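Data first, discussion second: the structure below is written as structure tokens.
The values are calculated or read from the model by the stated rules, or taken from the named source; none is laboratory data. Quick caveat, the model's predicted, so the values are computed rather than measured. Every residue, glycine among them, receives a Cβ derived from its backbone with ideal geometry; neighbour counts consider all protein chains shown.
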């Protein structure tokens with residue numbers, strides 16, 4: 001057993017075994033809230049229950065540890081920014097708050113990025129009308145890939161949301177038609193920032209000329 005596994009096991013949290021005692025008899029609750037006498041619980045169901053509860057004994061404290069780590073990381077970086085600004089008059093980060101921190105040897109890096117949540121206002125329908133005018137007039141002269149992007153951009157998904165990535169693809173197309181340009185302006189006017197979220201990532205490499213590797217904390221991405 002590795003040291004990491006041993007440490008994880010010592011950090012395991014005691015989890016309720018799910019057994020209730022009433023009038024001297026043992027019961028377990030099923031998914032409907034009914035109390036089932038322990039002796040009537042199928043062995044395979046009991047084994048599965050015990051395994052899930054055992055895993056949660058490790059998962060809950062690990063989640064708490066990651067949460068504390070995230071909080072400490074933002075605190076440490078915030079204190080560093082404050083010291084640098086106070087002592088050297090240097091303010092780190094771009095207009096959106098994105099920041100990068102590196103170790104002196106160039107082999108460790110912490111990146112903080114801020115992503116905006118964008119929604120679109122009613123101007124988007126004006127843009128769609130102008131785009132339709134262009135496509136109808138261009139007819140056979142319009143490239144099929146442009147029509148495909150437009151179709152995907154304004155087709156709504158199951159939740160009634162437009163395809164944002166395809167909308168941004170439209171903005172990257174270089175088309176000189178004035179109606180198209182007005183449509184792109186309407187799309188930009190329709191953009192509304194409804195919130196933002198800050199992400200933090202960690203990278204390391206074996207040497208200054210080596211490729212960066214992401215330090216994985218997301219369980220879904222662990223090899």
**Q.** Residue identified as closer than 25 Å to residue 114 by Cα and modelled with pLDDT under 90 among 211, 220
**A.** 220
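Residue 105: modelled with pLDDT of 90 or more, in a loop (DSSP other than H, G, I, E, B) and either more than 21 Å from the chain's Cα centre (by Cα) or surrounded by fewer than 11 Cβ atoms within 10 Å (Cβ to Cβ) (or both), yes or no? Explain how you work it out, then say what you get.
Numbers: modelled with pLDDT of 90 or more: yes; in a loop (DSSP other than H, G, I, E, B): yes; either more than 21 Å from the chain's Cα centre (by Cα) or surrounded by fewer than 11 Cβ atoms within 10 Å (Cβ to Cβ) (or both): yes.
Criteria met by residue 105.
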Q | Selection status of residue 76, over 21 Å from the mean Cα position of the chain (by Cα), within 22 Å of residue 199 (Cα to Cα) and surrounded by 13 or more Cβ atoms within 10 Å (Cβ to Cβ) | A | no
**Q.** Number of positions in segment 184-199 that are under 11 Å from residue 118 (Cβ atoms) and not in a helix (DSSP H, G or I)
**A.** 6
Q. Of the numbered conditions (1) touching a strand residue (DSSP E or B) at 6+ places or on another chain (Cβ under 6 Å); (2) surrounded by 13 or more Cβ atoms within 10 Å (Cβ to Cβ); (3) touching a residue at least 40 places away in the same chain (Cβ under 8 Å), residue 131 satisfies every one except a single condition; which is it?
A. (1)
Q | Yes/no for residue 65 being part of a helix (DSSP H, G or I) and under 28 Å from residue 15 (Cβ atoms) | A | yes
Q. When the residues of segment 184-211 are filtered to those that are within 25 Å of the chain's Cα centre (by Cα) and free of Cβ contacts under 8 Å to residues at least 24 places away in the same chain, which remaining residue is surrounded by the most Cβ atoms within 10 Å (Cβ to Cβ)?
A. 188
(Q) Residues that are surrounded by 12 or more Cβ atoms within 10 Å (Cβ to Cβ), over 26 Å from the mean Cα position of the chain (by Cα) and farther than 14 Å from residue 199 by Cα: does segment 85-96 have at least one? (A) yes
Q.
Of the conditions (1) touching a strand residue (DSSP E or B) at 6+ places or on another chain (Cβ under 9 Å); (2) in the same structural domain as residue 138 (by TED's automatic domain parsing), residue 199 satisfies every one except a single condition; which number is it?
A. (2)
